[in-house]
Amino acid sequence: MWESKNIETNTIHGGKKSQGEHGPLSTPIYQTSTFVFDDVQQGADRFAGDAQGHIYSRLGNPTVDELEARMAVLEETEAAAAFGSGMGAVSAAVFGLLKAGDHLITSHRLYGCTFALFNHQLPAFGIEVSFVDLADAQAVRAAIKPNTKVIYGETPINPCLTVIDLDSIAAIGQEHGIITVIDNTFMSPILQRPATHGIDLVLHSATKYLNGHGDVVAGILCGPSALIDHIKMTTRKDMGAVMSPHDAWLVIRGLKTLHLRVQRHCENAQVVAEYLQGHGAIEKVYYPGLPDHPGYRLLGTQMQGAGGVMAFELKCSFEQAVAFINQLKMCKRAVSLGDAETLIQHPASMTHSTYAPEELAEAGISRTLIRLAVGLENAEDIKADLDQALVTIL
Ligand SMILES: C/C=C(/N=C/c1c(COP(=O)(O)O)cnc(C)c1O)C(=O)O
């Protein structure tokens, strides 16, 4: 298995197992639900963990195994587990690490369904949740209780791109014996590797940049072998949010161009963010690549680029903001991000509609906030499409 110190090479070769029986360059798709045993003893030994070998694709599949090996190399962790969606990874992680009576510290700013899981489902299972500003180390420390087991956050955060200092969160976790989990979806390992800052588990909606072509819903969790194996053999095996071998094959293919795509997303986003910041119809642009963004100071250290997603406030009414989005011709009105196409959406009524009005206000999500996931098109075309739509609200 070839491993380079250069992530650009590892997106192509890292974690690649042997060539296999016929030496295929492209990883074979093991499109099978189950695996045949030579005899009863072999089956029993595999179930008991006394023998290597596959049993059933909910427990592991050769194509999925290879994706997991590749992701562990890219995030610089011992192991990884693949899931049928990002939320599959989120739920397997928290239910694998927490039980009734435990306490989770998380952010009041999260992707909408993650917020809904933490705000509604976990308490129903007797798990206490505190929502704090994870960018405020004092607030995090103040929230710690004797039963605190996990600190969970995203950085940059969906949808306003708030940035959390990974070294600070990792230090708090290590000081107090609390497991830290960071959702790295908005960065990808190309721009940020939380485990290298001491974060225990790194999570992705592989639906986004990792796959990068808008044709897979998937999730990944990277971390120490002990934690990953525990989650695989409990909340993934028994809750069943497994990734299909075909989706694993598609994500492996996506990874091979990840470094090129992320670079282009960042270049385009910087051009578009600066264009928007200078436009008379724009109140505010939230993008870590702009000097006025609080996360700008972490560029070049924690983050090797500002990413492809930004949010902005329009100087207009809600109705005008809707008219602006509906006026766009090339940018696609769709949720998700990290795809070749530029995608635009309205968090308050879409990805973050799980937030109550007062919760939206606390998270800084207004009804005129728009999230833009900049794609791989020529940046001039993206600007031209935005420009022709913005004139409708000037
Ligand atoms: C429609 C979906 C969006 N996001 C999802 C998402 C997930 C959940 O990932 P799956 O969608 O379950 O793969 C996890 N973590 C983060 C930071 C996310 O943004 C969206 O924002 O547009």
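The values are calculated or read from the model by the stated rules, or taken from the named source; none is laboratory data. Predicted model only: the values in this text are computed from it and were never measured. Heads up, the Cβs are rebuilt from the backbone with ideal geometry, glycines too, and the neighbour counts pull from every protein chain shown. SASA here: full protein model, heavy atoms, side chains in, ligands and nucleic acids out. Shrake-Rupley method; radii C 1.70, N 1.55, O 1.52, S 1.80 Å.
Return the tail of the calculated pair distribution for the chain, meaning the percent of Cα-Cα pairs more than 35 Å apart.
Result for the distance tail: 26 percent.
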Inset, instruction - In Å and from the alpha-carbon atoms only, list the Rg and Dmax of the range 1-111. - result: 17.6, 53
Legend entry - Net charge dipole size for the chain [Lys, Arg +1 and Asp, Glu -1 on Cβ; Debye, nearest 20]: 260 debye
Inset, instruction - Within the range 153-174, find all residues whose amide N lies under 15 Å from a label point positioned 7 Å from the Cα of residue 142 along Cα-to-beta-carbon. - result: none
Legend entry - Packing rank of 231-237, 26-32, where each peptide gets the mean count of other beta carbons within 10 Å, highest leading: 231-237, 26-32
Legend entry - Using a Förster distance of 35 Å, the FRET efficiency for residue 4-residue 320 (Cβ separation, nearest 0.05): 0.10
Inset, instruction - For the range 88-188, state the semi-axes of the equivalent ellipsoid (square roots of 5 times the eigenvalues of the alpha-carbon gyration tensor), sorted largest first and rounded to whole angstrom. - result: 19, 17, 12
Legend entry - Cα-based equivalent ellipsoid, the range 259-391: semi-axes from gyration tensor eigenvalues, Å: 22, 18, 14
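What does the accessible area per residue of the range 21-122 come to in Å², with a 1.4 Å probe and no ligands, DNA or RNA counted? Provide the component values of the computation, followed by the final result.
On the way: 4480 Å² over 102 residues.
Heavy-atom accessible area per residue stands at 44 Å².
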Inset, instruction - Tell me which residues come under 5 Å, amide H to amide H, from residue 377 once H is placed; ignore anything under 5 positions away on its chain. - result: 342
Inset, instruction - Determine the share of the range 7-255's accessible area contributed by carbon and sulfur atoms, expressed in whole percent, with a 1.4 angstrom probe. - result: 54 percent
Inset, instruction - Please list the non-local residues whose amide H lies under 5 Å from the amide H of residue 363, H modeled 1.01 Å from N, same-chain partners needing a gap of 5 or more. - result: none
Inset, instruction - Please give every one of the lysines within straight-line cross-link reach of residue 329, meaning a C-alpha to C-alpha distance under 30 Å, and leave out same-chain neighbours fewer than 8 residues apart. - result: 208, 284, 315, 383
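Mean residue ellipticity at 222 nm from the helices of the chain, using -39,500 (n - 2.57) per DSSP H segment of n ≥ 4 over the full residue count, to the nearest 500 deg cm²/dmol?
Per the formula, -10000 deg cm²/dmol.
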Legend entry - Separation in nanometres of the label points that stand 7 Å from Cα toward Cβ, at residue 246 and residue 283: 4.5 nm
Inset, instruction - Using the Karplus curve 6.51 cos²θ - 1.76 cosθ + 1.60 with θ = phi - 60°, work out ³J(HN,Hα) for each residue of the range 114-121 in order, rounded to whole Hz, and write x for Gly and Pro. - result: 5, 4, 5, 4, 6, 7, 10, 7
Legend entry - Surface accessible to a 1.4 Å probe, residue 230 within the full protein complex, Å²: 80 Å²
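Largest first, what is the accessible-area ranking of 75, 175 with a 1.4 Å probe?
175, 75
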Legend entry - Under the Karplus curve 6.51 cos²θ - 1.76 cosθ + 1.60, θ = phi - 60°, whole-Hz ³J(HN,Hα) for the range 264-276, x wherever Gly or Pro sits: 5, 4, 5, 4, 5, 5, 4, 4, 5, 4, 5, 4, 5
Legend entry - Residue-normalised accessible area of the range 241-324, given per residue in Å² at a 1.4 Å probe: 39 Å²
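DSSP loop (so not H, G, I, E, B), at most 16 other Cβ within 10 Å: list which GluC sites (Glu not before Pro) in the range 1-30 pass both filters.
The qualifying sites are 3, 21.
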Legend entry - residue 4 long-range amide H proximity, modeled H, under 5 Å: 10
